[in-house]
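Okay, structure first, notes after.
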């Protein structure tokens with residue numbers, strides 16, 4: 001059965017309630033507006049929707065971080081891990097790759113999550129872990145009486161052998177992926193699709209992200225939002241801006257984000273080079289470092305067009321649905337799960353083809369009527385991607 005059929009099938013049933021559930025993202029992430037971590041954003045949105053249904057969500061968090069989202073019941077835990085090794089290190093990752101491929105165990109990532117898992121309240125009916133499949137060990141299945149959910153937001157199994165992947169998925173009650181692309185990539189690695197692997201598409205808050213009126217006569221602003229790292233492709237947008245500037249100066253490019261996920265992060269070498277490449281364009285290109293979550297709707301409201309020229313296979317792309325909800329037309333790479341969210345009204349371009357990217361952007365820069373038309377269609381499409389629907393589907397899968 002295809003992923004879309006799985007979603008259609010579960011959408012037709014009555015919504016059960018599974019409560020309380022416990023959510024664990026990256027162990028040392030903030031559960032806060034002040035982080036750009038997508039997992040924290042999703043957990044917050046799901047906690048809000050779950051509470052609106054009458055459920056209770058425990059959010060297991062490190063007591064060393066700032067947590068200011070009001071949704072969910074915070075369950076802090078103390079860590080004995082050295083502050084110099086708060087993040088999962090490259091050495092630990094390399095050890096896990098070797099041991100995973102040889103003996104089928106990844107002890108470093110399991111140990112990394114042990115204190116967080118020990119803090120999960122005993123009345124938890126379902127435990128949701130984001131991406132860190134190595135934490136789902138036989139020991140966890142023996143010690144936790146509830147149902148285990150693995151939530152895949154990235155291609156976490158790149159270094160895993162098929163046998164390892166299958167063992168972990170079999171330990172879960174359900175494994176969910178944010179796109180057909182991601183679910184299919186797992187199935188291809190295994191040679192078949194596990195019965196408990198389903199697609200659970202992300203939602204978007206269409207109340208916070210809404211179309212805004214722009215003053216007539218303002219230059220068309222092309223927006224990029226995201227991690228400013230090479231695989232996200234902001235350099236392709238800068239290259240295209242040089243080409244567009246040969247045809248018109250009636251546009252602006254606004255690149256929002258940083259290489260890091262916190263406002264305190266300094267500029268990376270890539271960010272420095274990006275600014276150097278944009279310098280000849282003067283005020284046609286503007287950079288805004290990291291913006292916290294609560295300020296993002298205003299960023300989208302100040303734009304006319306969104307560009308996502310990613311180089312990698314983006315599993316979903318939260319910024320795409322935020323741009324859609326904000327009523328912006330979107331020019332993007334046809335990669336990963338992006339087309340599943342963006343649909344036929346997206347403008348798809350190979351980001352490595354600078355001329356084609358510039359042509360696609362320029363055609364919308366000079367045609368406000370077409371921008372409005374595409375933006376309205378994408379806004380309507382975004383309204384179907386709700387967090388309420390996301391959590392309802394999760395409840396059905398966990399209860400099944």
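The values are calculated or read from the model by the stated rules, or taken from the named source; none is laboratory data. Predicted model, so just to flag it, every value in this text is computed and none were measured. No Cβ is skipped: glycine too gets one built from the backbone with ideal geometry, and neighbour counts run over all protein chains shown.
Tabulated values for the structure
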| read-out | value |
| --- | --- |
| Selection within the range 240-257 - over 16 Å from residue 282 (Cα atoms) and without any contact (Cβ under 8 Å) to a residue 60 or more places away in the chain | 256 |
| Residue 342 vs. criteria under 13 Å from residue 308 (Cα atoms) and buried (at least 17 other Cβ atoms within 10 Å of the Cβ) | yes |
| Exclusive hit being crowded, with 22+ Cβ neighbours inside 10 Å, modelled with pLDDT of 90 or more and not in a helix (DSSP H, G or I), set 27, 59 | 59 |
| Residue list for the range 219-230, restricted to those being more than 25 Å from the chain's Cα centre (by Cα) and in a loop (DSSP other than H, G, I, E, B) | 219 |
| Any chance residue 319 is touching a strand residue (DSSP E or B) at 6+ places or on another chain (Cβ under 7 Å), part of a helix (DSSP H, G or I) and farther than 17 Å from residue 373 by Cα | yes |
| In the range 231-277, the residues that are in a helix (DSSP H, G or I), buried (at least 16 other Cβ atoms within 10 Å of the Cβ) and under 25 Å from the mean Cα position of the chain (by Cα) | 232, 234, 235, 236, 237, 238, 271, 274 |
| Yes/no for residue 327 being crowded, with 16+ Cβ neighbours inside 10 Å and in the same structural domain as residue 230 (by TED's automatic domain parsing) | yes |
| Among (1) assigned by TED's automatic domain parsing to the domain that holds residue 41; (2) in contact with a helix residue (DSSP H, G or I) (Cβ under 7 Å, 6 or more places away or on another chain) - the single one residue 208 does not satisfy | (1) |
| The range 365-381 residues that are in contact (Cβ under 8 Å) with a residue 60 or more places away in the chain, paired with ones that are crowded, with 17+ Cβ neighbours inside 10 Å and assigned to a helix (DSSP H, G or I) (beta carbon under 8 Å, 6 or more apart) | 365/244; 371/364; 379/324; 379/325 |
| Meets criteria (modelled with pLDDT under 90, surrounded by 21 or more Cβ atoms within 10 Å (Cβ to Cβ) and within 23 Å of residue 198 (Cα to Cα)) for residue 43 | no |
| Cβ-Cβ under 7 Å pairs, at least 6 apart or on other chains, the range 338-355 side on the phi > 0 side of the Ramachandran plot, far side not in a loop (DSSP other than H, G, I, E, B) | 343/381 |
| Among (1) in contact with a helix residue (DSSP H, G or I) (Cβ under 9 Å, 6 or more places away or on another chain); (2) modelled with pLDDT of 90 or more; (3) closer than 30 Å to residue 393 by Cα - the single one residue 123 does not satisfy | (1) |
| Hey, residue 377 in contact with a helix residue (DSSP H, G or I) (Cβ under 6 Å, 6 or more places away or on another chain), assigned by TED's automatic domain parsing to the domain that holds residue 45 and either farther than 17 Å from residue 253 by Cβ or surrounded by 16 or more Cβ atoms within 10 Å (Cβ to Cβ) (or both) or not | no |
| Filter result (surrounded by 15 or more Cβ atoms within 10 Å (Cβ to Cβ), modelled with pLDDT under 85 and farther than 17 Å from residue 153 by Cβ) within the range 4-24 | 6, 10 |
| Qualifying residue in the range 340-353 (condition: in a helix (DSSP H, G or I), within 30 Å of residue 21 (Cα to Cα) and not assigned by TED's automatic domain parsing to the domain that holds residue 43) | yes |
| Unmet requirement for residue 285, which otherwise passes all of (1) under 21 Å from the mean Cα position of the chain (by Cα); (2) surrounded by 14 or more Cβ atoms within 10 Å (Cβ to Cβ) | (1) |
| Test for residue 152: is it in contact with a helix residue (DSSP H, G or I) (Cβ under 9 Å, 6 or more places away or on another chain), crowded, with 21+ Cβ neighbours inside 10 Å and in the same structural domain as residue 96 (by TED's automatic domain parsing) | yes |
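For every residue, the table says whether it meets (1) closer than 23 Å to residue 384 by Cα; (2) surrounded by 14 or more Cβ atoms within 10 Å (Cβ to Cβ); (3) under 18 Å from the mean Cα position of the chain (by Cα).
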site	(1), (2), (3)
134	no, yes, no
159	no, yes, no
185	no, yes, yes
209	yes, yes, yes
